[in-house]
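Colleague: The structure follows.
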């Protein structure tokens, strides 16, 4: 401790501030960890499907159905499971790691362009965003764009055309991640034009402009080609006329939906509490009255900065393109339920981007009226203050049972993780017989075989356990039959058909 104190004392004041600034992402990680840890008592259908069942199907070279086609997300988890092993909530811990990288990326950009005096505001505002924190506790792909956007922007910022070879690597990485995550979460499409626009602006004066463009395009299409080659039942991946699903579509339909209902669901999620599908929050990002002052301030200052800073208009155009495309497509999309925040994260990300630009301008501007400058700063600081104040209320909500519940398989022997471990232990000693029939031979409502089969199989496969067969009761033949992925593909029994 003495040596550490001596080292800190020897550092220059600027370096001390820099090191202290990077303690903020660690502190924000604690907030995220607390929410994640308190969410482990339940696991919902979407989480089971998007982080386990579909990943196991992909490990066998297939997609479960044409709605379960967010392969870019499944690929990431497949790599994680193969390297680190499988557990029921491994996807949540993966998201926690991504959340740390995301806030660290924001910290790097904020420190470089805004400085520590005001840079903490966009960092804390984004890192404590109720939407950002909440989606990181859900182990589906929802909110994946919020996680990856700061990482992509940092990579874009680090591209230096003076270091030609390394710039090619970063360019390829940037656009490969962009496509990987677009195939993993359809809402990523809202960011593609904006990021391409920023990249073109940066490469415009590069001597190797054409090579950089070719590298970008090659990096962009490579993940898509690899996915199409790897997936065996690519007919479902490309387009399924029955469910009208496929790659880049998710659960939405390419039809004009109820625009008013879609916008209403978004508005309630944006300025109230979570009302839409899988968005369960007591207080969202702008849930109380006073953050409206911050929204108004950002809007007015953005308008003024558009005329004053002509050099950064391209950045504004990129942000506006995200908002426009997000509103246009999400408002018109026909969904099984009003899309709400899970389809409008591009709008939220754009606001925080503009918030950061405003803080950047304030850090550079020499405003003569000191009182006016401090008033603006105080108004902007209302957002991180709001997020901090509502954190406890959202933590309380996380601890409550979800409206979408937990399947009965995962409550058989206590908590979900305990139930799965017990069933997996049985599978290691004998054939595991699963039945959706109760003692009266009646079907148990909400009982499904595909998720529990995928969970136990994943434990056995990725943790290299020696397991026996997993059997499911087939009412048609009145016998237990071995479960395989082909059962759902070939529709051998009506009770095994995907729902």
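Colleague: By count of other Cβ within 10 Å, fewest leading, how are 39, 458 ordered?
Modeller: Exposure proxy ranking, most exposed first: 39, 458.
Colleague: Could you grab the Rg to Rh ratio for region 157-287? Cα atoms only, Kirkwood for Rh.
Modeller: 1.08
Colleague: Under the 0.36 nm per residue contour assumption, what length would be gained going from the current alpha-carbon distance of residue 38 and residue 388 to full extension?
Modeller: Net length gain for the segment: 124.2 nm.
Colleague: Going by how many other Cβ atoms sit within 10 Å of their own, how do 415, 464 line up, fewest first?
Modeller: Final ranking by Cβ density, sparse to dense: 464, 415.
Colleague: Would you please state the base-10 log of I(q)/I(0) at q = 0.09, 0.11, 0.19 1/Å for region 286-440, with intensities from the Debye formula using one equal scatterer on every alpha carbon?
Modeller: Ignoring solvent entirely, the Cα scatterers give -0.55, -0.69, -1.24.
Colleague: So what is the 222 nm mean residue ellipticity for the chain from helices alone, if each DSSP H run of at least 4 adds -39500 (n - 2.57) and you divide by all residues, rounding to the nearest 500 deg cm²/dmol?
Modeller: So the helix-based figure for the chain works out to -19500 deg cm²/dmol.
Colleague: Take every Cα-Cα distance within the chain, group them into 10 Å bins from 0 onward, and report for each bin the whole-number percent of pairs it holds.
Modeller: Bin by bin from 0 Å, the calculated values are 4, 17, 27, 26, 16, 7, 3, 0, 0.
Colleague: Just the number, please: percent antiparallel of the DSSP beta bridges in region 408-496, rounded to the nearest 5.
Modeller: 60
Colleague: Translational diffusion coefficient of region 408-496 at 37 °C, 0.692 mPa s, Stokes-Einstein with Kirkwood Rh over Cα pairs, in µm²/s as a whole number.
Modeller: It diffuses with D of about 243 µm²/s by this estimate.
Colleague: Could you tell me what percent of the DSSP beta bridges with both partners in the chain are antiparallel, to the nearest 5?
Modeller: 75
Colleague: If you don't mind, there's one more thing I want to ask. If you take the beta carbon distance between residue 163 and residue 26 as r and set R0 to 22 Å, what does 1/(1 + (r/R0)^6) give as a FRET efficiency, to the nearest 0.05?
Modeller: 0.15
Colleague: On C-alpha positions alone, give me the angle between the axis of helix 209-230 and the longest principal axis of the chain, in degrees, nearest 10.
Modeller: 20
Colleague: How large is the convex hull of the C-alpha atoms of region 319-411 per residue, in Å³?
Modeller: In region 319-411, the Cα convex hull volume per residue is 145 Å³.
Computed from the coordinates by the stated procedures, all read-outs in this text should not be read as laboratory data. Worth saying up front: this structure is predicted, and the values here are computed from it rather than measured. Cβ atoms come from the backbone with ideal geometry, glycine included; neighbour counts cover every protein chain shown.
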